[in-house]
DNA sequence: CGCATACCATACGCGAAAGTATGGTATCGT
DNA sequence: ACGATACCATACTTTCGCGTATGGTATGCG
């Protein structure tokens with residue numbers, strides 16, 4: 001039973017390391033995830049790390065899976081709870097447009113799609129979200145053929161925007177411009 | 001005068017290294033660009049490399065700038081040569097949809113947006129292309145506000161699709177499905 | 001003919017980060 | 001009270017890829 005009151009003091013748990021790893025990834029990218037650096041940031045040394053994890057890859061894997069589990073749930077469930085199908089897509093666009101932290105991690109992982117451990121996670125997440133969009137578009141009245149393509153287009157636009165906005169600094173929009181952009185995408189991509 | 005008949009044989013030129021670097025980047029990503037590996041692939045050793053380039057970064061920089069110079073020119077110039085502005089956007093979509101090699105490099109660089117040398121190059125390229133799209137949309141009749149947002153949306157969709165298709169293997173479309181997708185994006189994103 | 005230049009091979013130095021070995025301290029259960 | 005367990009520090013070894021040093025060969029030029 002690993003239930004030994006970790007709230008007590010000073011001691012770090014496995015989850016603490018995973019959270020810290022995600023934090024570091026969000027800020028400095030996957031490439032910057034080094035064990036000595038992370039340990040320093042947590043005020044400890046490697047000795048601590050290698051007690052919790054067998055290897056560096058293990059930490060990355062754990063952090064990614066953690067993000068994959070807890071990163072989506074909320075929004076998608078809230079959207080599915082909306083009774084009127086016609087209202088789901090607009091609400092989804094709005095909600096997504098307000099997140100930040102989640103997008104930071106997502107953008108950081110997109111930049112690191114090179115990494116063999118990151119790629120499959122992103123593939124799964126993207127597949128699920130595209131499926132979700134597909135369903136939403138069908139419910140909004142599009143045909144099967146239209147819905148799947150529109151879902152791909154929409155999600156591609158989302159992914160691409162993260163790159164352009166966060167990583168590349170293109171479209172460095174202020175709040176007003178950003179709102180206008182979101183409005184434009186909704187008008188363009190959501191069937192009336 | 002660096003004109004010493006390099007055609008002779010066996011000897012490599014600076015451009016040969018740059019091309020080989022781009023080839024390797026297209027296939028295995030920026031992270032795999034190591035000098036010893038590249039040298040092996042060219043049938044020589046490091047000794048040769050460090051005669052042509054002072055450092056590994058220098059090669060990457062040269063390869064990136066080379067790609068930046070020669071990668072775009074063709075298509076954009078061809079599009080601008082089209083007399084009727086209304087026809088430019090459809091033609092652009094079609095032409096882009098047929099490229100391959102260019103997209104492979106572009107996708108590989110997108111995966112490596114982490115890298116400090118890659119990022120500014122991609123930022124410049126993306127900015128120019130977005131500007132180009134913006135102009136095209138204006139000529140197609142959109143208002144200034146609409147054109148800029150539609151340009152962002154279109155280019156974001158392009159970037160995102162490369163990620164989903166090439167890197168993540170989502171939307172693993174065959175030719176027929178791909179054509180249908182392109183057609184859908186044109187109908188959705190190009191003003192009638 | 002012979003030297004200079006261009007191109008390449010071989011062998012080594014070196015720094016950064018991963019992983020290992022080992023020992024120290026605090027806390028908890030009994 | 002005391003031993004076991006959980007957590008962490010320190011010092012070390014290993015690996016990998018960059019860069020350097022230096023010497024070898026071929027080709028064009030005077």
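Taking the simple approach of a point 7 Å from Cα along Cα-to-Cβ for both residue A:82 and residue A:178, what is their distance in nm?
It is 2.0 nm.
Using a simple spin-label model with points 7 Å from Cα along the Cα→Cβ vector, what separation in nm is obtained for residue A:61 and residue A:135?
2.9 nm
Using only Cα atoms and rounding to the nearest 10 degrees, what angle (0 to 90) does helix B:101-111 make with the longest principal axis of chain B?
Once rounded, the angle reads 90 degrees.
Find every distance from the label point of residue B:90 to the corresponding label point in the other copies (7 Å from Cα along Cα→Cβ) and write them in nm, one decimal, shortest first.
For residue B:90, the inter-copy label distances come out at 3.3 nm.
Give the average, rounded to an integer, of partner chain Cβ atoms located within 10 angstrom of each Cβ in B:176-185.
Details: counts 0, 4, 0, 0, 4, 6, 1, 1, 7, 6.
Across B:176-185, the average partner-chain Cβ count within 10 Å equals 3.
Taking neighbour Cβ counts within 10 Å as the exposure measure, how do A:55, B:188 sort from fewest upward? Please list the in-between numbers first.
Values: A:55 11, B:188 18.
So the residues, fewest neighbours to most, are A:55, B:188.
Run the numbers on chain A and let me know its relative contact order in percent, using alpha-carbon pairs under 8 Å that are six or more apart. Kindly include the intermediate steps, with their values, before the conclusion.
Numbers: 139 pairs, mean separation 39.5, N = 192.
Relative CO of chain A lands at 21 percent.
Sort A:148-155, B:133-140, A:96-103 for me by packing, meaning the mean count of neighbouring Cβ atoms within 10 Å per residue, highest on top.
Numbers: A:148-155: 24.4, B:133-140: 19.2, A:96-103: 13.2.
Listed from highest to lowest mean packing, they are A:148-155, B:133-140, A:96-103.
Roughly how many Å is it from the Cα centre of segment B:125-148 to that of segment A:37-85, as a whole number?
Result: 39 Å between the Cα centres.
So, R0 is 41 Å and r is the distance between the beta-carbons of residue A:192 and residue A:14; what FRET efficiency does that work out to, to 0.05? Let's see the in-between values first.
Working: r = 49 Å, r/R0 = 1.20.
According to the calculation, E is roughly 0.25.
Give me a single rounded figure for B:121-134: the average over its residues of other chain Cβ atoms within 10 Å of their Cβ. Kindly include the intermediate steps, with their values, before the conclusion.
Numbers: counts 0, 5, 5, 2, 2, 8, 5, 0, 1, 4, 1, 0, 0, 0.
For peptide B:121-134, the averaged partner shielding equals 2.
Sort A:70, A:106 so the one with the fewest other Cβ atoms within 10 Å of its own Cβ comes first.
Values: A:70 11, A:106 21.
Ascending Cβ contact count within 10 Å gives the list A:70, A:106.
Can you give me the Kirkwood hydrodynamic radius for segment A:1-96, using every pair of distinct Cα atoms, in Å to one decimal? Provide the component values of the computation, followed by the final result.
On the way: mean 1/r = 0.0639 Å⁻¹.
15.7 Å is the Kirkwood radius here.
Distances from residue B:55 to the same residue in each other copy, label points 7 Å out along Cα→Cβ, in nm, shortest first?
In nanometres, ordered from closest: 3.1.
Taking a quarter of the surface of the Cα convex hull of the protein assembly as shown, what do you get in nm²?
On the way: hull surface 99.2 nm².
One quarter of the hull surface, i.e. the mean projection, equals 24.8 nm².
State, in angstrom, two size descriptors of chain B derived from its alpha carbons: Rg to one decimal place and Dmax to the nearest whole number.
When restricted to the Cα atoms of chain B, Rg and Dmax are 19.3, 59 Å.
May I ask you to sort B:179, A:114 by Cβ crowding, counting other Cβ atoms within 10 Å and putting the fewest first?
Fewest to most other Cβ atoms nearby, the residues stand as B:179, A:114.
Quick check of the Kirkwood formula: for segment A:14-67, what is the inverse mean of 1/r over all pairs of different Cα atoms, in Å? Write out the running numbers ahead of the final one.
Numbers: mean 1/r = 0.0930 Å⁻¹.
Every distinct Cα pair counted, the radius reaches 10.7 Å.
Suppose we keep just the alpha-carbon trace of segment B:108-192; what are its Rg and Dmax in angstrom?
In order Rg, Dmax, the Cα atoms of segment B:108-192 give 14.5, 41 Å.
Inter-copy label distances at residue B:176, 7 Å along the Cα→beta-carbon direction, one decimal in nm, shortest first?
Between copies, matching label points for residue B:176 lie 5.1 nm apart.
Give the peptides A:31-37, A:164-170 in descending order of average Cβ contacts within 10 Å, highest first. Let's see the in-between values first.
Numbers: A:31-37: 14.7, A:164-170: 19.7.
Top to bottom by mean Cβ count within 10 Å: A:164-170, A:31-37.
Roughly how crowded by other chains is peptide A:100-108, in terms of the mean Cβ count from those chains within 10 Å of each of its Cβ atoms?
Values: counts 0, 0, 0, 0, 0, 0, 0, 1, 2.
Taking all residues of A:100-108 together, the mean is 0.
Taking chain A as the reference, fit the longest principal axis to its C-alpha atoms, fit the long axis of helix A:85-98 to the helix C-alpha atoms, and give the angle between the two in degrees, 0 to 90, nearest 10.
Around 40 degrees separate the two axes.
Please give the length that would be gained between residue A:32 and residue A:123 if that part of the chain were fully extended, namely 0.36 nm times their separation in residues minus their C-alpha to C-alpha distance (nm, one decimal).
Residue separation times 0.36 nm, minus the Cα-Cα distance, leaves 30.6 nm.
Read-outs throughout are calculated quantities, based only on the coordinates presented, and are distinct from any laboratory measurement. Please read these numbers as outputs of a predicted model, since none were measured by experiment. Cβ atoms come from the backbone with ideal geometry, glycine included; neighbour counts cover every protein chain shown.
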